[in-house]
1. Counting other beta carbons within 10 Å of each residue's own, what order do W76, W32 fall into, fewest first?
2. Stretch V24-H44 to full length: gain in nm at 0.36 nm per residue minus the Cα-Cα span?
3. Please turn the phi angles of the range 35-45 into ³J(HN,Hα) values with the Karplus equation 6.51 cos²θ - 1.76 cosθ + 1.60 (θ = phi - 60°), one per residue in order, whole Hz, x for glycine and proline.
4. Return the distance in nm (one decimal) between the two label points of a simple spin-label model at E16 and I63, each offset 7 Å from Cα along Cα→Cβ.
Amino acid sequence: MDSALAKSSAIEFAPEQLPAHIGVIMDGNGRWAEARGKHRTEGHRAGVEALRRLITCAVEFDIKYLTVFSFSSENWQRRKMK
């Protein structure tokens, strides 16, 4: 592991301690941005960057499967302007 995360982490993991599959539900990025006085799209950008970091770490830690659910079908039912 040669990432900044691995270098800065004081915790060491044995391969058998790591899961083969990680599932992530990305939700609330727009609300996160609004709570900080930012536009919702800034939250979506932050979510993309978080996902990129997650993918990098998953590769470096040899996680075999990464499932990401990033859009709920319920979002299609929302009003145009929230």
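Each reported figure results from applying straightforward, stated rules to the coordinates on display, with no laboratory input. If you're wondering where the values come from, they're calculated on a predicted model, not measured in any experiment. Note: ideal-geometry Cβ built from the backbone for every residue, glycine included; neighbour counts use all protein chains shown.
1. W76, W32
2. 5.7 nm
3. Karplus-based 3J(HN,Hα) across the range 35-45 equals 5, 9, x, 10, 6, 4, 5, 5, x, 5, 4 Hz.
4. Between E16 and I63, the simple spin-label model gives 2.2 nm.
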